[in-house]
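This report concerns only the one structure given below.
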Amino acid sequence: MPNYKRVYLAGYSFMRSMQRYDYRIDAIIILPDHLHMIIAPKHPEEYSKIIAHIKRSFVYGLDKSLKTKAKLHLSTSSYNRKLSGIW
């Protein structure tokens, strides 16, 4: 998947999470293989839910072949916990 599509998908993931949770993005930088962000949730206890929602939305939007390839590199423990291998 080209980088510009990943950036679009990341933006879409943020948009979906902002529809569900009340927070603002103070800073964000998107790099080819990861991102950094500073967010300010209205309800700080929702921080982990916001991050999980963003990650889940992003992975859901990826091509199936990319998700399958990422799972091939998971440890047994990560595979058993049903992690995506993307993050």
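The values are calculated or read from the model by the stated rules, or taken from the named source; none is laboratory data. Since we're looking at a predicted model, the values are computed, not measured. Glycine gets a Cβ as well: all are built from the backbone with ideal geometry, and neighbour counts include every protein chain shown.
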> In the set 72, 66, 31, which member is surrounded by 12 or more Cβ atoms within 10 Å (Cβ to Cβ), among the aliphatic types (A, V, I, L, M) and at pLDDT below 90?
Replying inline: 66
> Just wondering, is there one or more residues in the range 3-10 that are modelled with pLDDT of 85 or more and basic (Lys, Arg)?
Replying inline: no
>> Can you tell me which residue is surrounded by the fewest Cβ atoms within 10 Å (Cβ to Cβ) among those in the range 34-48 that are closer than 18 Å to residue 12 by Cβ and either in contact with a Pro (Cβ under 9 Å, 6 or more places away or on another chain) or modelled with pLDDT of 85 or more (or both)?
In response: 37
> Are any residues in the range 1-40 free of Cβ contacts under 8 Å to residues at least 40 places away in the same chain and of a type in the set (Gly, Ala, Ser), and if so, which ones?
Replying inline: 11, 27, 40
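This table checks each residue for (1) within 19 Å of residue 56 (Cβ to Cβ); (2) outside any helix (DSSP H, G or I).
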| position | (1), (2) |
| --- | --- |
| 5 | yes, no |
| 8 | yes, no |
| 14 | yes, no |
| 17 | yes, no |
| 25 | yes, yes |
| 29 | no, yes |
| 33 | yes, yes |
>> Can you confirm whether residue 52 is in a helix (DSSP H, G or I), of a type outside the set (S, T, N, Q) and free of Cβ contacts under 8 Å to residues at least 12 places away in the same chain?
In response: yes
> Which residue, of 57, 78, 84, is part of a helix (DSSP H, G or I) and either touching a residue at least 12 places away in the same chain (Cβ under 8 Å) or surrounded by 15 or more Cβ atoms within 10 Å (Cβ to Cβ) (or both)?
Replying inline: 57
